[in-house]
Amino acid sequence: MSVKSFDPSQGGEVVRCGLLKKFKTSRKKWFVLRAETPESSARLEYYDSEKKFNNGLPPKRSIPLRTCFNINRRNDTKYKHVIALYTKDDCFCVVLESEEDLDVWLKDLLSLQHGEEAVDGETPRPTFEHVWQVTLLNRGLGTNRIGPYRLCLTDKTLTLIKKDENGVLDLQLTNIRSCGSLRNYFFLEVGRSSHLGAGELWMDSDDPNIAQNIHTTIFHAMTTNTKKEELEPRSRVRSSSATESSKPNNAVNRTRQGASGVQRTHVFSQEHVWQVTLLNRGLGTNRIGPYRLCLTDKTLTLIKKDENGVLDLQLTNIRSCGSLRNYFFLEVGRSSHLGAGELWMDSDDPNIAQNIHTTIFHAMTTNTKKEELEPRSRVRSSSATESSKPNNAVNRTRQGASGVQRTHVFSQ
């Protein structure tokens with residue numbers, strides 16, 4: 001790889017060049033990064049080969065860096081070292097060989113993009129640390145806003161930028177009450193302090209891995225952002241004036257018959273026990289009723305009240321979790337003794353549902369520090385039949401206690 005040369009036939013200083021892969025085709029091309037000149041702006045070009053570049057042939061594509069609203073590292077399940085250049089209409093990705101190559105190319109790209117705005121001595125940073133391409137669904141706050149967007153994250157804000165249009169939705173992370181993912185869907189619940197008002201935003205990411213990555217990254221940003229302020233205002237729970245029935249007991253003793261026939265008793269502390277009602281949906285069919293939801297550092301257990309029914313789940317078998325209003329859900333994989341499916345629970349209070357979500361999600365991520373996240377969040381392979389894949393969404397309408405019909409969207 002050559003650095004800092006000058007090509008008078010093309011005009012402009014060649015800051016960096018080398019043989020890199022195009023993300024879309026996985027084919028190697030000769031990439032050239034040029035500095036700004038009075039005649040042309042800084043740009044990234046690529047050629048079919050170094051020979052064609054040296055012979056003065058025109059590039060296959062040239063991307064002016066000033067037309068990119070963001071240049072950042074992209075997390076990808078196939079390649080470890082990817083740089084993404086986001087223009088108004090397109091996303092162009094380059095695959096690099098190593099972490100060192102990624103760092104030097106990204107630094108040069110950002111320096112040239114910022115130009116005179118770059119501060120001497122400071123490492124340039126992307127406008128947005130993370131960018132994902134999503135489709136906003138016609139549900140909740142997404143009504144009349146549907147279409148393709150770029151979901152952009154900073155350490156304090158989350159922004160939806162509509163492709164090919166000027167539509168922009170800005171959200172402060174402190175205004176997001178909860179978030180979650182379910183298969184290829186990602187959702188946000190925002191509070192009344194948001195300029196959009198209280199409600200939900202549902203997005204289709206086209207891939208369960210991407211949806212999970214969005215969920216994990218945004219959730220981490222939300223919790224990191226609250227290190228400077230109390231977490232309670234966003235995930236507040238009932239005060240001590242709550243009814244006794246809504247409070248967990250000091251401890252729950254649970255005795256079960258082990259595989260060897262030996263009875264084992266487990267004690268769960270107060271802060272990790274919640275009272276929920278298992279709903280007649282998914283894996284909850286034929287298991288409905290009131291349960292205590294009990295958490296340890298490795299397991300999640302549902303103990304049926306007044307009966308001996310016990311459901312044990314390893315945290316590593318939980319693929320995703322989330323909360324929506326007063327509901328909390330889990331999606332478990334095939335390695336669970338229950339099989340693959342979902343468990344939906346009613347906590348009777350949105351704040352409690354959010355607290356369950358926050359606590360269990362934290363336990364899941366903490367548990368995976370000793371092992372890779374993928375085995376727990378693995379998803380259906382591309383060989384799955386088309387009939388087994390979810391449609392855009394399933395609308396389910398139910399009759400509420402007040403007689404008002406409410407429609408909820410769940411992925412297939």
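The values are calculated or read from the model by the stated rules, or taken from the named source; none is laboratory data. If you're wondering where the values come from, they're calculated on a predicted model, not measured in any experiment. All Cβ positions, glycine included, derive from the backbone under ideal geometry; neighbour counts span all protein chains shown.
Total residues in the stretch 74-100 satisfying the condition of being in a strand (DSSP E or B) and surrounded by 17 or more Cβ atoms within 10 Å (Cβ to Cβ): the figure is 10.
Quick grid of which residues meet (1) within 19 Å of the chain's Cα centre (by Cα); (2) in the same structural domain as GLY180 (by TED's automatic domain parsing); (3) assigned to a strand (DSSP E or B); (4) of a type in the set (Gly, Ala, Ser):
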| position | (1), (2), (3), (4) |
| --- | --- |
| GLU331 | yes, no, yes, no |
| LEU338 | no, no, no, no |
| ASP348 | no, no, no, no |
| ILE360 | yes, no, no, no |
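Scanning the stretch 105-118 for residues that are more than 11 Å from ASN72 (Cα to Cα) and crowded, with 16+ Cβ neighbours inside 10 Å yields ASP108, SER111, LEU112, GLN113, HIS114.
Against the test of being free of Cβ contacts under 8 Å to residues at least 24 places away in the same chain and not acidic (Asp, Glu), the options HIS130, HIS81 yield a single qualifying residue, HIS81.
One line per residue, one yes/no per condition, for (1) free of Cβ contacts under 8 Å to residues at least 40 places away in the same chain; (2) of a type outside the set (Val, Ile, Thr); (3) in the same structural domain as TYR86 (by TED's automatic domain parsing); (4) part of a loop (DSSP other than H, G, I, E, B):
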residue	(1), (2), (3), (4)
LEU141	no, yes, no, no
CYS152	no, yes, no, no
LEU158	no, yes, no, no
ASN166	yes, yes, no, yes
LEU169	yes, yes, no, no
ARG177	no, yes, no, no
GLU189	no, yes, no, no
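Just one of the listed residues (PRO38, PRO59) is free of Cβ contacts under 8 Å to residues at least 60 places away in the same chain, out of contact with any Phe, Trp or Tyr (no Cβ under 6 Å at 6 or more places or on another chain) and not in a helix (DSSP H, G or I), and it is PRO38.
Just checking, does the stretch 87-104 include any residue being in contact with a Ser or Thr (Cβ under 6 Å, 6 or more places away or on another chain) and not assigned by TED's automatic domain parsing to the domain that holds ARG325? Checked the stretch 87-104: at least one residue is in contact with a Ser or Thr (Cβ under 6 Å, 6 or more places away or on another chain) and not assigned by TED's automatic domain parsing to the domain that holds ARG325.
Find the residue count for the stretch 41-56, including only residues that are among the aliphatic types (A, V, I, L, M) and part of a loop (DSSP other than H, G, I, E, B). Step through it out loud before you land on a result.
Within the stretch 41-56, the first condition is being among the aliphatic types (A, V, I, L, M), and the residues that meet it are 42, 44.
Within this subset, residues satisfying the condition of being part of a loop (DSSP other than H, G, I, E, B) are 42.
Summing the residues that are among the aliphatic types (A, V, I, L, M) and part of a loop (DSSP other than H, G, I, E, B) in the stretch 41-56 gives 1.
Evaluated against (1) modelled with pLDDT under 85; (2) closer than 23 Å to HIS215 by Cα, ARG254 falls short on exactly one condition, (2). Would you check if there is a residue in the stretch 131-147 being under 30 Å from THR37 (Cβ atoms) and either among the small types (Gly, Ala, Ser) or within 17 Å of the chain's Cα centre (by Cα) (or both)? Yes; the residues of the stretch 131-147 include at least one that is under 30 Å from THR37 (Cβ atoms) and either among the small types (Gly, Ala, Ser) or within 17 Å of the chain's Cα centre (by Cα) (or both).
Is there a residue in the stretch 121-131 that is under 19 Å from PHE23 (Cβ atoms) and outside any loop (DSSP other than H, G, I, E, B)? Looking for residues that are under 19 Å from PHE23 (Cβ atoms) and outside any loop (DSSP other than H, G, I, E, B), one finds at least one in the stretch 121-131, hence yes. Checking LEU311, LEU293, LEU324 one by one, the residue that is modelled with pLDDT under 90 and more than 24 Å from ASN184 (Cβ to Cβ) is LEU311 and no other.
Close Cβ contacts (under 8 Å, 6 or more residues apart or on different chains) running from residues in the stretch 89-100 that are of a type in the set (S, T, N, Q) to residues that are surrounded by 10 or more Cβ atoms within 10 Å (Cβ to Cβ) comprise SER98/HIS81.
Determine, yes or no, whether PRO148 is at pLDDT below 90, surrounded by fewer than 18 Cβ atoms within 10 Å (Cβ to Cβ) and either outside any loop (DSSP other than H, G, I, E, B) or touching a His at 6+ places or on another chain (Cβ under 7 Å) (or both).
Values: at pLDDT below 90: no; surrounded by fewer than 18 Cβ atoms within 10 Å (Cβ to Cβ): yes; either outside any loop (DSSP other than H, G, I, E, B) or touching a His at 6+ places or on another chain (Cβ under 7 Å) (or both): yes.
So PRO148 does not fit the description; no.
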